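A.B. asks: Before anything else, here's the structure in question.
The values are calculated or read from the model by the stated rules, or taken from the named source; none is laboratory data. Because the structure is predicted, anything quoted here is derived from the model rather than measured. Cβ placement follows ideal geometry from the backbone for every residue including glycine, while neighbour counts extend to all protein chains displayed. Just the protein is used for accessible areas: all its heavy atoms, side chains included, with ligands, DNA and RNA removed. Shrake-Rupley method; radii C 1.70, N 1.55, O 1.52, S 1.80 Å.
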Amino acid sequence: MSLPVFGFVSVHDVALPDGTAREADWLSGVAASGRPVAHLWRGTAGFIVPRSYERLPHWSQACVHGAATGWPVQVRSSGGGLVPQGPGVWNLSLAWPAPGAAPTGTDGIYRALTAELGAAFARLEIVAEAQAVEGSFCDGRFNLAVGGRKCVGTAQAWRRIGGHAVVLAHAVIVVDADPVVLTEAANRFEAAAGGARRYRADALTSLAGAWCVAHHQAHPPDDFDQRVLTRVAERFARLVAPRVYAETSTTKENHDGAA
C-alpha cells in the first residue's frame, strides 16, 4: 500500500506543548475536508504515554514529580509505550481519509512510511533499516534503526470522526537529542511510577550521531536539523509550506510500529 499524495508539509518551528491534542485537531480537519495533511513538529520536554500507564501503582506521584523536574506527562488514547519528547526530537504526523471503516493494509502503511523516511535519510548518507530493537522505548517491528540502534519509532491509528474514517501515521524522529539523556529520564519515570520497563541507552541513537559515524566527523553541521527536516519534507510532499512560527488552537489503534 502506498501513502497518499500530500500537497505540502507544514513545519512547526514553535514547540507544541499539547502535541496529542493538536494531532486530534488535524484528524478532525481531515474528516471535515477530505484532504490529506502532513505536519513536522516537536513537543516540549516530557513524555507521551498510553492510558495503560494510569494503572501503574505510583502513577499520580510520578506525574507530579515529572512535572516538577521538567518532564510533564501527556496521555494518549492509543496503545504502545512511553515516548519522550523535547528538543532534538521531531514528529512527523500524516493524516488522510481512510478507504473504509475497518483498518486494512496497516503493515503496508508502515512499510511505506519507513521506506520514505529511509530514503530521506539516505540523502544524508545515513543507512536506516526497519527492525525491532530490544531495550528501546516503545519498541516495535517498524522502528528505523542505524547499526541496530533505534532512531525512529512509528505508530498508526484509525479513527471515526463525524461519521468519517481517518488514518493517522506517526513517526518520532530522534534528530539530535542525546540518547543517554532521553533514556535516563525515561527510566526515572518508569521507576517512579512503579513500572517494570527499563531502557538501554545503547539501544538508541540519533540521526546526528549516525551522520557523524557515516562521515567520520566529530560533530554534525550546525544546520543539521534543518537538513533533516528538508529531506523528510521533500519525500512526503510536492512542496514545503511556509514555516509555522506561532500556534493557535482552533476505532482502532495499531502500534506494531510502536513510537
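A.B. asks: Could you tell me which of the residues Leu204, Leu229, Leu182 is within 18 Å of the chain's Cα centre (by Cα), closer than 30 Å to Pro99 by Cα and either buried (at least 19 other Cβ atoms within 10 Å of the Cβ) or modelled with pLDDT of 95 or more (or both)?
C.D. replies: Leu229
A.B. asks: Name the residue, out of Trp90, Trp41, that is under 19 Å from Ala233 (Cβ atoms), touching a His at 6+ places or on another chain (Cβ under 7 Å) and at pLDDT 90 or above.
C.D. replies: Trp41
A.B. asks: Is it the case that segment 95-109 has a residue that's open to solvent by 40 Å² or more (accessible area, probe 1.4 Å), part of a loop (DSSP other than H, G, I, E, B), on the phi < 0 side of the Ramachandran plot and β-branched (Val, Ile, Thr)?
C.D. replies: yes
A.B. asks: Is it the case that segment 171-179 has a residue that's farther than 29 Å from Pro221 by Cβ and assigned to a strand (DSSP E or B)?
C.D. replies: no
A.B. asks: Going residue by residue through segment 40-56, is there one that turns out to be in contact with a strand residue (DSSP E or B) (Cβ under 8 Å, 6 or more places away or on another chain), of a type outside the set (Val, Ile, Thr) and farther than 29 Å from Ala196 by Cα? Break it down stepwise before answering.
C.D. replies: Of segment 40-56, the ones in contact with a strand residue (DSSP E or B) (Cβ under 8 Å, 6 or more places away or on another chain) are 40-51, 53-54.
After this cut, where a residue has to be of a type outside the set (Val, Ile, Thr) as well, the list is 40-43, 45-47, 50-51, 53-54.
From the residues that got through so far, the ones that are farther than 29 Å from Ala196 by Cα too are 40-41.
Scanning segment 40-56 turns up at least one residue that is in contact with a strand residue (DSSP E or B) (Cβ under 8 Å, 6 or more places away or on another chain), of a type outside the set (Val, Ile, Thr) and farther than 29 Å from Ala196 by Cα.
A.B. asks: Within segment 52-74, take every residue that is among the aliphatic types (A, V, I, L, M) and surrounded by 16 or more Cβ atoms within 10 Å (Cβ to Cβ) and give me the one that is farthest from Gly140 (Cα to Cα).
C.D. replies: Ala62
A.B. asks: From the list Ala210, Ala193, which residue is under 22 Å from Pro72 (Cβ atoms) and surrounded by 21 or more Cβ atoms within 10 Å (Cβ to Cβ)?
C.D. replies: Ala193
Listed here are the residues, each with its yes/no results for (1) crowded, with 19+ Cβ neighbours inside 10 Å; (2) acidic (Asp, Glu); (3) part of a helix (DSSP H, G or I).
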site: Gly7; (1), (2), (3): no, no, no
site: Ser10; (1), (2), (3): yes, no, no
site: Val14; (1), (2), (3): no, no, no
site: Ala21; (1), (2), (3): no, no, yes
site: Asp25; (1), (2), (3): no, yes, yes
site: Gly29; (1), (2), (3): no, no, yes
site: Ala32; (1), (2), (3): no, no, yes
site: His39; (1), (2), (3): yes, no, no
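A.B. asks: Same structure, new question: Checking the structure you have, find out if any residue of segment 96-106 is closer than 30 Å to Arg188 by Cβ and not charged (D, E, K, R).
C.D. replies: no
A.B. asks: Being surrounded by 15 or more Cβ atoms within 10 Å (Cβ to Cβ) and part of a loop (DSSP other than H, G, I, E, B) is the filter here, so list the residues in segment 110-130 that pass it.
C.D. replies: Leu124, Ile126, Ala128 - these are the residues of segment 110-130 that are surrounded by 15 or more Cβ atoms within 10 Å (Cβ to Cβ) and part of a loop (DSSP other than H, G, I, E, B).
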